[in-house]
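The values are calculated or read from the model by the stated rules, or taken from the named source; none is laboratory data. Computed from a predicted structure; not experimentally measured. Neighbour counts run over all protein chains shown; Cβ positions are idealised from the backbone, glycine included. Accessible surface is based on the protein model in full, side chains and every heavy atom, while ligands, DNA and RNA are left aside. Shrake-Rupley method; radii C 1.70, N 1.55, O 1.52, S 1.80 Å.
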Amino acid sequence: MIGAYAISTAQHAKKVLGLFFDTVYWIIVGPAKGKFAKRASIFEQMVFIGVRSVIIVFFVAFFTGIVIAMQSAYQLAQLGGTIYVAAMVSVTMARELGPVLTALVVAGRIGAAITAELGTMKVSEQIEALDVLALNPVRFLVVPRFLALLIMLPCLTVMSDLVGMVGGFLVGVYNLGLNPYRYIDVSFEFLVWRDIWTGVLKSVVFAITIAIIGCYMGLNTTGGAEGVGKYTTLSVVTSFILIVLFDCILTGVFYFSNM
Amino acid sequence: MDKEIAVKTEGLVKKFDTMTVLDGVDIEIYKGETFVIMGGSGCGKSTLLRHMISTMKPDRGKVFLLGKEITGLGEDELDKIKKKIGMSFQGSALFDSMTVGENVSLPLREHTKLADSVIEIVVKMKLELVGLRGFENLMPSQLSGGMKKRVGLARAIVMDPEIVFYDEPTSGLDPIVAGVIDKLIIDLSKKLSITTVVVTHDMGSVFRIADRIAMLYEGKVVEVGTKDEIKNSKNGIVKQFISGNPDGPIRFFKQKDDYLEQLIK
Ligand SMILES: Nc1ncnc2c1ncn2[C@@H]1O[C@H](COP(=O)(O)OP(=O)(O)OP(=O)(O)O)[C@@H](O)[C@H]1O
Ligand SMILES: [Mg+2]
């Protein structure tokens, strides 16, 4: 039972990796063959991702910033250094919560939408129709979504870092009575480049995860309309698990290599 | 053999889990003819068609399209052949996110360097053929099932293919429109000498359009012949299928265990 489960998981993992390499192949080799994804369709996907998730990403980041500020103020007050709330918020947002929370929100909104759309196309023979028209589904459907997420998720992440810092700033200035200029100074004093780029690197890995899992589940949907619902849920759950897992692995790598 | 072969399958076998859907199918379809594959619902007609258009790989056996074996072909070679075939799907398979016009023009925009104005004219002509000119800007969700099917047909022939496959082109259409589609299929195949492969169990349609007919039953081709040969067939299965007689060698229920047994279990 467990053995069978492990084998089927391994088989899926292999196919997911296959889809990833296929996508990379089309991104690299496609332009040379004059068969690249349409710029318009990548742009369309980027707008879709941005419009769909920007408000909720900001909402989550803003309140997370407030929460980190209050939680760290509670602890730092005992040490008599509430000004370091500023540093706590900026570094925590940039290194950890910005990338992870944004990825989770986008997995729930966009990953689900991708699976539902491609899954519907699969069960209504549209994927097959593309294939017969000699239009490779990976090039035509996966590449634009993959690239759009790869561009948009890091952007959303950096924006969420900033929004979170605004949330923390409000707590620091209006609740803790800190000097606003000093608060901003400390925020950026402790925030170094590697905090930002490790966060952005995480979001790149998460973007790849969401896009490939979302597309894989969509392209493998079976069982009609009911199947679309099932695979959409599966897609979100799988993305969530992988995001948390990759976050742990990447954080470990950064930690032990002193980054 | 003087006739050129357009489509050929050799010992095609396909299993889904334990169910054998195709069990050694051998078919030869000649260039320019209209070949009808008939058989009961769920007997594997669509599956057979999927193998012919290379969207499904057989467990065993070979498929030849326009003289090339396609089962082991690389993507580029396969694409070249795919551009010479068209497929009208059972459920129309229109792209939901595109208008009717965009659906029909997609292959032209992707595979040719034709100017937009030329593409527009070609699309108008193809939609005119299926009686839907003027519907270019509607979305598929705004069409009836029969209209979708006709748009799917227009998309299948937009690249002027050498072989067109139709999966139940007339099911779900009213008799007049079905007649129009039948006539269109005949016109295309006779005037442009397109090879036509039609899957259907609409008997009226079969005898209107077919040059030759194959009967698929339990994963095998049980008989192939011209219209008259099939009409006068001695084969009990074929006879029963044409007449629609509920009693005969064709079993309607395919369950493994007995109905009575299942009831009292
Ligand atoms: N992808 C698949 N996975 C598992 N089973 C399948 C798959 N596709 C088809 N089948 C099974 O294969 C059998 C034949 O299906 P197919 O769609 O080819 O029938 P058909 O002859 O086209 O029927 P109809 O006339 O109703 O369209 C059915 O029993 C179906 O359940
Ligand atoms: Mg069918």
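One table, with the values for the structure above:
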item: Percent of alpha-carbon pairs separated by more than 22 Å within segment B:145-265; result: 46
item: Normalised alpha carbon radius of gyration of chain B [divisor 2.2 N^0.38 Å]; result: 1.06
item: Size of segment B:1-75 as Cα extents on the principal axes (Å, biggest first); result: 40, 31, 19
item: In nm, spacing of pseudo-spin labels at residue B:62 and residue B:234 (7 Å Cα→C-beta vector); result: 3.3
item: 5 Å-binned pair-distance histogram of segment B:91-160 (Cα, whole percent); result: 3, 20, 34, 26, 13, 3, 0
item: Gyration tensor (alpha-carbon) shape descriptor, segment A:44-118, a/c threshold 1.5; result: prolate
item: Sequence-distant residues sharing a close amide H with residue B:90 (under 5 Å, placed H); result: B:167
item: Interface residues in segment A:121-142 - accessible area drops by 50 Å² or more relative to the isolated chain, probe 1.4 Å; result: A:125, A:126, A:128, A:131, A:132, A:133, A:134
item: Neighbouring partner chain Cβ atoms per residue of B:86-99, average, 10 Å criterion; result: 4
item: Per residue solvent-accessible surface (Å²) - chain B, probe of 1.4 Å; result: 50
item: Average partner coverage of A:171-177, which counts Cβ from other chains inside 10 Å; result: 0
item: Using distinct alpha-carbon pairs, which all enter the 1/r mean, Kirkwood radius of segment B:29-116 in Å; result: 15.4
item: Principal axis dimensions, largest first and in whole angstrom, of segment A:54-182 by Cα; result: 69, 21, 20
item: Kirkwood hydrodynamic radius of segment A:105-160, Cα pairs, Å; result: 12.5
item: Total formal charge among the other residues, if their Cβ is under 12 angstrom from that of residue B:139, Lys/Arg +1 and Asp/Glu -1; result: -2
item: Size of the B/A contact, given as accessible area buried on both chains, probe 1.4 Å, in Å²; result: 1900
item: Under the Karplus curve 6.51 cos²θ - 1.76 cosθ + 1.60, θ = phi - 60°, whole-Hz ³J(HN,Hα) for segment A:218-231, x wherever Gly or Pro sits; result: x, 5, 10, 5, 9, x, x, 4, 4, x, 4, x, 5, 5
item: Max mean-square fluctuation residue, GNM over chain A, Cα-Cα springs under 10 Å, options A:77, A:116, A:107; result: A:77
item: Distance between modelled label sites at residue B:247 and residue A:83, nm, 7 Å Cα→Cβ extension; result: 10.2
item: Candidate lysines for bridging to residue B:149, where Cα separation is under 19 Å - those fewer than 8 sequence places away on the same chain excluded; result: A:122, B:45, B:124, B:126, B:183
item: Integer Hz, Karplus 6.51/-1.76/1.60 couplings in order for segment A:101-106, x for Gly and Pro; result: 5, 4, 5, 5, 4, 5
item: Label point distance in nm, residue B:186-residue B:77, each placed 7 Å from Cα along Cα→Cβ; result: 4.0
item: Neighbour net charge for residue B:156 - beta-carbon separation under 11 angstrom, K R +1, D E -1; result: +2
item: Pairwise centroid distance, computed over Cα atoms, of segment A:111-157 with segment A:1-61, Å; result: 8
item: More than 32 angstrom apart: percent of Cα pairs within chain A; result: 31
item: Residue-averaged 222 nm ellipticity for chain B, from DSSP H runs of 4+ at -39500 (n - 2.57), nearest 500; result: -10500 deg cm²/dmol
item: 3J(HN,Hα) from dihedral phi, segment A:162-173, Karplus parametrisation 6.51/-1.76/1.60, rounded to Hz, x for glycine, proline; result: 5, 4, x, 5, 4, x, x, 4, 4, 5, x, 7
item: Accessible-area composition of the protein assembly as shown, carbon plus sulfur, in percent [1.4 Å probe]; result: 62
item: Gain upon complete extension [residue A:44, residue A:11; 0.36 nm per residue less C-alpha separation]; result: 8.6 nm
item: Paired Rg and Dmax values of the protein assembly as shown, which use every Cα atom, in angstrom; result: 29.3, 101
